[in-house]
1. Does at least one position in segment 107-129 carry a residue that is assigned to a strand (DSSP E or B) and basic (Lys, Arg)?
2. Can you tell me which residues in segment 28-52 are within 15 Å of the ligand (Cβ to nearest atom) and among the charged types (D, E, K, R)?
3. Can you tell me which of Met83, Met78 is loosely packed, with under 12 Cβ neighbours inside 10 Å, out of contact with any Pro (no Cβ under 7 Å at 6 or more places or on another chain), in contact (Cβ under 8 Å) with a residue 12 or more places away in the chain and in a strand (DSSP E or B)?
4. Go over the candidates Ala32, Ala92 one by one and state the one that is out of contact with any Pro (no Cβ under 9 Å at 6 or more places or on another chain), assigned to a strand (DSSP E or B) and surrounded by 17 or more Cβ atoms within 10 Å (Cβ to Cβ).
5. When you look at Glu72, is it of a type in the set (Asp, Glu), touching a residue at least 24 places away in the same chain (Cβ under 8 Å), out of contact with any Cys (no Cβ under 6 Å at 6 or more places or on another chain) and within 12 Å of the ligand (Cβ to nearest atom), yes or no?
6. So Tyr47 ticks every box in (1) touching a Ser or Thr at 6+ places or on another chain (Cβ under 8 Å); (2) in contact (Cβ under 8 Å) with a residue 60 or more places away in the chain but one. Which box is left unticked?
7. Can you name every residue in segment 86-127 that is away from the ligand (no atom under 16 Å from the Cβ), within 16 Å of Glu49 (Cα to Cα) and without any contact (Cβ under 8 Å) to a residue 40 or more places away in the chain?
Amino acid sequence: MTKLFTAMLTVGMVLWGSAVNAASAQVEIVNAWVKESIPGAMNGAGYLELTNTGDSEMVLIGVKTPAAGRSEVHEHVMANGMMKMQHVHHLAIPARETVVFQPGGYHLMMFGVKQPLRAGDTVPFVLEFADGATVEFGAKVVKIQ
Ligand SMILES: [Cu+2]
């Protein structure tokens, strides 16, 4: 990872640090990871297990990362016998339930990755919920064989 990229990520994390509010305590994130970039790839994807630990539904409405020009919550769907990705604008997570983001299903789509994502790096993300809550976490870049 270049020095410039490291600095950029640090600035991003500091700026977003102030955005966390108390409601974020209602969400737990484990097993967050990102696929290592394949040479020449402009896009990337992140995965995680997201648990709503609270007593009320949480609705995920967006995701941000300083590592890419734009990021969206996506899912894979079958359309006319073909797998395609689509933007998920509202993903409801019922109280006490876990949603697993994994290859072939929900993922955090990154468009225009600014630097190749290398195994061992950590990509910071912020999830945004309909009630205004935000949750920050780091996803480890993993090499895909
Ligand atoms: Cu996608």
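What follows draws every value from the coordinates through simple rules; no lab data is involved. All values reported here derive from a predicted model rather than from experimental measurement. Ideal geometry is used to build each Cβ from the backbone, glycine not excepted, and the neighbour counts take in all protein chains shown.
1. no
2. Matches in segment 28-52: Lys35 only.
3. Numbers: Met78 fails: in contact (Cβ under 8 Å) with a residue 12 or more places away in the chain.
Of Met83, Met78, the one residue that is loosely packed, with under 12 Cβ neighbours inside 10 Å, out of contact with any Pro (no Cβ under 7 Å at 6 or more places or on another chain), in contact (Cβ under 8 Å) with a residue 12 or more places away in the chain and in a strand (DSSP E or B) is Met83.
4. Working: Ala92 fails: surrounded by 17 or more Cβ atoms within 10 Å (Cβ to Cβ).
None of the other options fit; the residue is Ala32.
5. Details: of a type in the set (Asp, Glu): yes; touching a residue at least 24 places away in the same chain (Cβ under 8 Å): yes; out of contact with any Cys (no Cβ under 6 Å at 6 or more places or on another chain): yes; within 12 Å of the ligand (Cβ to nearest atom): yes.
So Glu72 passes the test.
6. For Tyr47, the failing item is (1).
7. Ala92
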